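See below for the structure under consideration.
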Amino acid sequence: MRNKQYSVKVFETTLTDDNQFISFFNTNYKLFKDYLIVIHGDLSPQILAFLQEKKLHYLNNAILPKNQGRKALEEQIAVQQEQTQQVEQELLKLSDRLQNNLTVKDTLIRSGHDIKVDGDLLLLNRVNSGATLHVEGNLIVTQLVEGAIRCYGNFMMLKASPKANIVFHDVIVDNVLLKERLNRVELKDNEIRITPVLKETTWVM
Amino acid sequence: MGNVIAVISGKGGVGKTTTTANIGLGIAMNGKRCVVVDFDIGQRNLDMILGLENRVVYDIIQVMDEEATLSQALIKSKMNDKLYFLAASQTKDKTVLSSEKISKLIVTLREDFDYIILDAPAGIESGYEHTIEFADAAIIVVNPEVSSIRDADRAIGILDSKSQRVKDGAEVAKYLIINRIDAKMVQSGEMLSSDDILDILGINLLGKVPEDRGIIDASNQGKPIILNPSSAAGQAYKRIASRLCGEDVDMPELEIVQGGFLQKIKGIFK
């Protein structure tokens, strides 16, 4: 395949009257002899003969790619940029809630401890009776919770003993529902939903 | 350099002082120089359990305030010549304790003894904090019931934040003694099993001591139960003391009720 690329000047016209066309190109011949002339309309033998005689370059009924003006292009770019910014902001907001500086802890939360975490927390140990865990983001506890939990994230995942005091978005969760298995607790359409993650969860240590 | 071990529990009445007395005597029976120090200022008990109440002349506060020398205040046990006792003051209260004075006393005791056992007061007040402040290790005594476990958990939390070793970036070794285990009650589920307790507290088990009615009489007589070879609790304390002295002693299962003849026969056919 051999390719060449040219930039050519194009004059576009629509044919209505043969004589008018011939006289126009006769007078402006010097201007148009290096142009590519795009003619819309049927070409009569008279016109064809004229074009051949003058050795004019032409295309008949060709569709030209329409370029947009500079101003229109700039406007379009501006709109696109605004849209991307909006999407990015939405994503940022969402990710703020989905994963906000995750803390990973493997310490036993003992009685009397009052742990506050601004973002998300992944706790690989127990929360003992008498301890309080206050988490602004999402919470996952892989071992039994017997203490108090205050969680304000999108969801929390835990296994709680009936002794535990679990508050999710200022609502006390009936923790009989959380017993003996890992549960996902989330806020959807203004109601708290509790779904067991698995019947039995064995964490690979 | 001696080893400073604080005996703590959080909750009162779980057998902290009894444990201190028996472990102290047990360590001395293993041939190590051991001093037991009563840190329960204002409420001393350890002297009675060790049978030394009639021999207390000077107490720990007088030593700290330099009203008496350490050798004057140390009481040598008649039961074992490697065991010494330093009494708590019965008239003052725990507000007279200060970190500098305690530090100085413990440095002196470290030079003289292999093991320094501190009997902490119940609770988590300043007296408790002073007891654990300069300890290398702590023995946590619990009973298999929830309130004792929660209080012990709290005490461990304070130990992990207030001890000098932790402030220096090191760790305080923590050993658990489960006291007053009733095999029948554990099996029927009325008492927490030791596996549950170890799960909750997350520290190493040093030993289990069964419930033993003989302990009350032993305390009243001032003869620690460890001296009684027929007592199950006494034998348990003996094993614990040997473990503290670095011996590898196996841990018999105390939570299974020994079956009668019929049950044994059934066991064969299982």
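Which one is modelled with the highest pLDDT, of the residues in region B:40-61 that are within 16 Å of the chain's Cα centre (by Cα) and closer than 21 Å to B:E125 by Cα?
Just the residues of region B:40-61 that are within 16 Å of the chain's Cα centre (by Cα), to begin with: B:40, B:44-50.
Still in the list and also closer than 21 Å to B:E125 by Cα: B:40, B:44-46.
Working: B:D40: 91, B:R44: 88, B:N45: 90, B:L46: 94.
Ranking the qualifying residues of region B:40-61, first place goes to B:L46.
Within the group B:S148, B:S103, B:S89, which residue is hydroxyl-bearing (S, T, Y) and over 21 Å from B:Q72 (Cα atoms)? Step through it out loud before you land on a result.
Working: B:S103 fails: over 21 Å from B:Q72 (Cα atoms); B:S89 fails: over 21 Å from B:Q72 (Cα atoms).
On inspection, the qualifying residue turns out to be B:S148.
When you check A:G153 against the structure, is it modelled with pLDDT of 90 or more, in contact with a helix residue (DSSP H, G or I) (Cβ under 8 Å, 6 or more places away or on another chain) and either assigned by TED's automatic domain parsing to the domain that holds A:K179 or part of a loop (DSSP other than H, G, I, E, B) (or both), yes or no? Spell out the reasoning first.
Working: modelled with pLDDT of 90 or more: no; in contact with a helix residue (DSSP H, G or I) (Cβ under 8 Å, 6 or more places away or on another chain): yes; either assigned by TED's automatic domain parsing to the domain that holds A:K179 or part of a loop (DSSP other than H, G, I, E, B) (or both): yes.
So A:G153 fails the test.
Looking at region A:155-174 only, could you name the residues that are more than 14 Å from chain B (Cβ to nearest Cβ) and surrounded by 17 or more Cβ atoms within 10 Å (Cβ to Cβ)?
Matches in region A:155-174: A:F155, A:M156, A:M157, A:L158, A:A160, A:I166, A:F168, A:V173.
Please indicate, with yes or no, whether at least one residue in region A:132-139 is free of Cβ contacts under 8 Å to residues at least 24 places away in the same chain and within 14 Å of chain B (Cβ to nearest Cβ).
Pass one, region A:132-139, residues free of Cβ contacts under 8 Å to residues at least 24 places away in the same chain: A:132, A:134-135, A:139.
Filter again for within 14 Å of chain B (Cβ to nearest Cβ), leaving A:132.
So far as region A:132-139 goes, yes, one or more of its residues are free of Cβ contacts under 8 Å to residues at least 24 places away in the same chain and within 14 Å of chain B (Cβ to nearest Cβ).
Pull up region B:138-155, narrow it to residues that are of a type outside the set (G, A, S), away from chain A (no Cβ under 12 Å) and in a strand (DSSP E or B), then point me to the one that is farthest from B:V36 (Cα to Cα).
B:V142
Take the residues in region B:185-210 that are in a loop (DSSP other than H, G, I, E, B) and within 14 Å of another protein chain (Cβ to nearest Cβ); name whichever of them is farthest from B:A241 (Cα to Cα).
Applying the first criterion (in a loop (DSSP other than H, G, I, E, B)) to region B:185-210 yields B:188-193, B:202-203.
From what's left, within 14 Å of another protein chain (Cβ to nearest Cβ): B:192, B:202-203.
Working: B:L192: 24, B:G202: 22, B:I203: 18 Å.
Looking at the filtered set, the residue picked out is B:L192.
Tell me the residue from B:D182, B:D114, B:D168 that is surrounded by fewer than 19 Cβ atoms within 10 Å (Cβ to Cβ), away from chain A (no Cβ under 14 Å) and in contact with a Lys or Arg (Cβ under 6 Å, 6 or more places away or on another chain), please. Explain how you work it out, then say what you get.
Values: B:D182 fails: in contact with a Lys or Arg (Cβ under 6 Å, 6 or more places away or on another chain); B:D168 fails: in contact with a Lys or Arg (Cβ under 6 Å, 6 or more places away or on another chain).
Being surrounded by fewer than 19 Cβ atoms within 10 Å (Cβ to Cβ), away from chain A (no Cβ under 14 Å) and in contact with a Lys or Arg (Cβ under 6 Å, 6 or more places away or on another chain) holds for just one of B:D182, B:D114, B:D168, which is B:D114.
Scan region A:1-24 residue by residue and report those that are more than 54 Å from the chain's Cα centre (by Cα) and surrounded by 11 or more Cβ atoms within 10 Å (Cβ to Cβ). First the steps, then the outcome.
Kept after step one, since they are more than 54 Å from the chain's Cα centre (by Cα), are these residues of region A:1-24: A:17-20, A:22-24.
Passing the criteria: A:D18, A:I22, A:S23, A:F24.
Yes/no per residue for (1) surrounded by 11 or more Cβ atoms within 10 Å (Cβ to Cβ); (2) of a type in the set (G, A, S); (3) in contact with a helix residue (DSSP H, G or I) (Cβ under 6 Å, 6 or more places away or on another chain):
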{"position": "A:L31", "(1), (2), (3)": "yes, no, no"}
{"position": "A:D34", "(1), (2), (3)": "no, no, no"}
{"position": "A:L43", "(1), (2), (3)": "yes, no, no"}
{"position": "A:F50", "(1), (2), (3)": "yes, no, yes"}
{"position": "A:E53", "(1), (2), (3)": "no, no, no"}
{"position": "A:A62", "(1), (2), (3)": "yes, yes, no"}
{"position": "A:P65", "(1), (2), (3)": "no, no, no"}
{"position": "A:Q76", "(1), (2), (3)": "yes, no, no"}
{"position": "A:E82", "(1), (2), (3)": "no, no, no"}
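Among the residues of region B:118-137, write down those that are without any contact (Cβ under 8 Å) to a residue 40 or more places away in the chain and more than 14 Å from chain A (Cβ to nearest Cβ). Can you show your working first?
Step one: list which residues in region B:118-137 are without any contact (Cβ under 8 Å) to a residue 40 or more places away in the chain, which gives B:125-126, B:129, B:133.
B:S126, B:E133, listed by residue number.
For region B:156-165, name all the residues that are within 17 Å of B:N3 (Cβ to Cβ) and within 12 Å of chain A (Cβ to nearest Cβ).
Here is the first cut: in region B:156-165, the ones within 17 Å of B:N3 (Cβ to Cβ) are B:159, B:163-165.
The one that is within 17 Å of B:N3 (Cβ to Cβ) and within 12 Å of chain A (Cβ to nearest Cβ): B:L159.
Kindly indicate whether any position in region B:80-101 is of a type outside the set (D, E, K, R), surrounded by fewer than 22 Cβ atoms within 10 Å (Cβ to Cβ) and within 14 Å of chain A (Cβ to nearest Cβ).
no
Taking the options B:G202, B:G222, name whichever one is buried (at least 16 other Cβ atoms within 10 Å of the Cβ) and free of Cβ contacts under 8 Å to residues at least 12 places away in the same chain. It would help to see each step written out before you state the result.
Numbers: B:G222 fails: free of Cβ contacts under 8 Å to residues at least 12 places away in the same chain.
Exactly one residue qualifies, and that residue is B:G202.
Scan (1) within 21 Å of B:G234 (Cα to Cα); (2) surrounded by 19 or more Cβ atoms within 10 Å (Cβ to Cβ) for the single condition B:R33 breaks and write down its number.
For B:R33, the exception is condition (2).
Out of the helices (runs of 4 or more DSSP H) lying entirely within region B:1-70, which hold 3 or more residues that are closer than 21 Å to B:I132 by Cβ? Please lay out each step first, then the result.
Values: elements: B:16-29, B:46-49, B:60-64.
Output list reads B:16-29, B:60-64.
Residues in region B:245-255: is at least one under 21 Å from the mean Cα position of the chain (by Cα), of a type in the set (V, I, T) and modelled with pLDDT of 95 or more?
Checked against the condition, which is being under 21 Å from the mean Cα position of the chain (by Cα), of a type in the set (V, I, T) and modelled with pLDDT of 95 or more, region B:245-255 yields no hits at all.
The values are calculated or read from the model by the stated rules, or taken from the named source; none is laboratory data. Everything numeric here is computed off the predicted structure, so don't read it as measured data. Neighbour counts are summed over all protein chains in view; Cβ atoms, including those assigned to glycine, are modelled from backbone coordinates with ideal geometry.
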